[in-house]
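Comments concern the structure below.
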Amino acid sequence: MRFSKQKGGAGALEAHHERTKERYASNPDIDPERRKHNFHIIQPTQSYKKESDTRIQAAGCKTRKDSVRFVDTIVTASPEFFKGKKRDKVKEFFQTATEFLSQKIGRDNIFTAVVHMDENTPHMHLCFTPITSDGRLSAKEIIGHRTQLIKWQDDFFNHMVKQFPDLERGESASVTGQRHIPTRVFKQAVNLTKQAAKIQSKLDDISLLSLNKGKDEVTALLHKFFPQMEQFEAKVKKYKSEIDRLERENINLERRVESSEKSSISKQMDDAKLRLDYRNLRRFVDSLPAEVKRQARAPKKSQDRGIGR
């Protein structure tokens, strides 16, 4: 169970949770063919913004410009836990989790709980307004600091294991010293790697002595690639210490992956790969011809005039 505080508009997040778009280029794990298997435990009746605003106004909460308007809670378990479980049992798992959160934060504060079955591992997005029992808007008080978050996880496990005795409690970050790297960072690495491969393929077909042929297509692809790459680099820097640690462990992980520990360390292997993906993307950017990079980073008016025109 993880919390993500939301202060501003919820348009993009709502579109993702409620699957309002046909395709999601930034998330290659979503399978449109399996979307019909998604389901709500709590169905929103209006937009996320209106849902949170309605509750905040009804409670008479004082707000600031930087107030946390709602909290996005992700609930899931390992792929091994869900393997072989029928839909009814999966639904029971997330209903039990929703009961726990209702008890902790108040059922009336929750405005959506949607389960995604169209990605690699079933998971639930549950959103709630952090309104205290005395009518204040305070995510800090409800979620708490690091020590309180550990207690949240302990209480959550104790609640869930009564219904699902095959669950195991993961090691606390306070014990492992590890920092969680969000799934979106890995997905962004995959997406950028695919874009880079496509751009490189186009470049391979263009003579470096004559960039006119196909230059517009390459430049258009790079115009899309560079801003996303910059955002990705900023995220990688944020989690640099954890990624560096995982890279140092990579050799040992590769040795252990042949042993019976494979299932328990598969997530660590994915984490360690992130650093390699980032390195390869940096090499790709560095290898691009200077003129191609200059044109791709130029304003679109310059792009329209073309390279070397």
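Derivation of every value follows stated rules applied to the coordinates shown; laboratory data play no part. Not measured: the values here are computed from a predicted model. For neighbour counting, all protein chains shown are included, and Cβ atoms are generated from backbone atoms with ideal geometry for every residue, glycine included.
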query: Which peptide among 82-91, 224-233 comes first, and what is the full order, when sorted by highest mean count of other Cβ atoms within 10 Å?
result: 224-233, 82-91
- line: From the cross-link list LYS140/LYS240; LYS85/LYS140; LYS7/LYS151; LYS91/LYS187, the entries with a Cα-Cα span beyond 32 Å are LYS85/LYS140
- request: Report the extension gain between ARG35 and GLN228 in nm, rounded to one decimal, defined as 0.36 nm multiplied by the number of residues separating them, less their alpha carbon distance.
  value: 66.8 nm
field: Cα shape, segment 2-176, gyration tensor, a/c 1.5 rule
entry: oblate
- line: Per-residue Cβ contact counts at 10 Å, fewest first, order LYS21, LYS187 as LYS21, LYS187
